[in-house]
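Every read-out reported here was derived from the displayed coordinates using simple, explicitly stated rules and does not represent laboratory data. Nothing here was measured: the structure is a model prediction, and the numbers come from that model. Neighbour counts are summed over all protein chains in view; Cβ atoms, including those assigned to glycine, are modelled from backbone coordinates with ideal geometry.
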Amino acid sequence: MAHGNSRWIPLLSLAFAAPLAACGGTSTPAGTSAPATSAPVATAAATPTASTASAQCPSGATVGSALGITLPNATGVGGGGQLPGGATGIVCDYHAAISNVLIEVLNNAGASFIPGFTSHFLGTVKSVSGVGDQATSFYEPLGAGHDNEGVVAAKGTTLVDVTATYTPATLSQIEALVNSLL
C-alpha cells in the first residue's frame with residue numbers, strides 16, 4: 001500500500017501504554033509495526049481475548065458512528081509490565097481492512113500521563129481546549145485524503161487517548177469521542 005508504515009503510527013503510543021496488560025487491560029509491545037491480528041501474547045496476568053476486550057471497550061458501531069466510518073468490535077492484544085500507583089486501563093484496537101482506531105483509557109492516571117503519549121506524536125501537535133481538563137492533539141496527513149490523527153486528554157484521574165489512522169475522521173470528531181469517553 002502506498003501509505004507504508006505511517007499507517008501504524010498510533011501504535012507508538014502503545015510503547016507508553018504496554019504495561020496495561022498487567023493491570024487487566026490490553027496492549028501491543030513497543031516496536032510493533034502492525035497491529036497484532038493473531039492470538040494475544042501471554043503475560044503474567046490473564047490475557048484478554050477479543051471477546052473480553054469487546055466487553056470492556058465501546059462497540060465498533062459506537063466508535064465508527066462517532067468517527068463516520070464502519071469499524072468491527074475491538075480486539076485485544078497482550079503486553080507486559082506495570083503502571084505506577086494503582087493506575088489501571090484498557091486498550092481497544094478497532095482494526096478494519098484499511099483503517100485503524102486505537103482507544104486507550106487509563107484510570108487513576110490523569111494529566112501527568114499526557115507527556116508520555118505526546119512524546120510519540122508526529123506531525124502538527126497542539127493544545128486543545130474544551131476537551132477534558134487538559135488535552136493535546138496531533139495531525140499528520142498520509143495522502144489520498146486520509147490522515148493519522150489523535151487526541152489525548154485527561155479529566156480528573158481519567159486519561160483517554162484516541163488515535164485514528166487512515167480514516168476520513170476529523171480532529172473535531174475525535175475530540176467529541178474523547179469527551180464522550182472521559
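How far apart, in nm, are the 7 Å Cα→Cβ label points at A144 and I98?
It works out to 0.7 nm between the two label points.
Can you put D133, D147, D161, D93 in order, fewest other beta carbons within 10 Å first?
Ascending number of Cβ neighbours within 10 Å: D133, D147, D93, D161.
Cα-based Rg (one decimal) and Dmax (whole number) for segment 59-175, in Å?
13.9, 43
Starting with the fewest neighbours, write out E140, E175, E149, E104 ranked by other beta-carbon atoms found within 10 Å of each beta-carbon.
E140, E175, E149, E104
Compute the FRET efficiency between S65 and S112 as 1/(1 + (r/R0)^6), taking r as their Cβ-Cβ distance and R0 = 35 Å, and round to the nearest 0.05.
That pair, S65 with S112, gives E of 0.65.
What ranking of L159, L181 emerges when the number of other C-beta atoms within 10 Å of each C-beta is taken as an exposure proxy, fewest first?
Listed from fewest to most nearby Cβ atoms, that is L181, L159.
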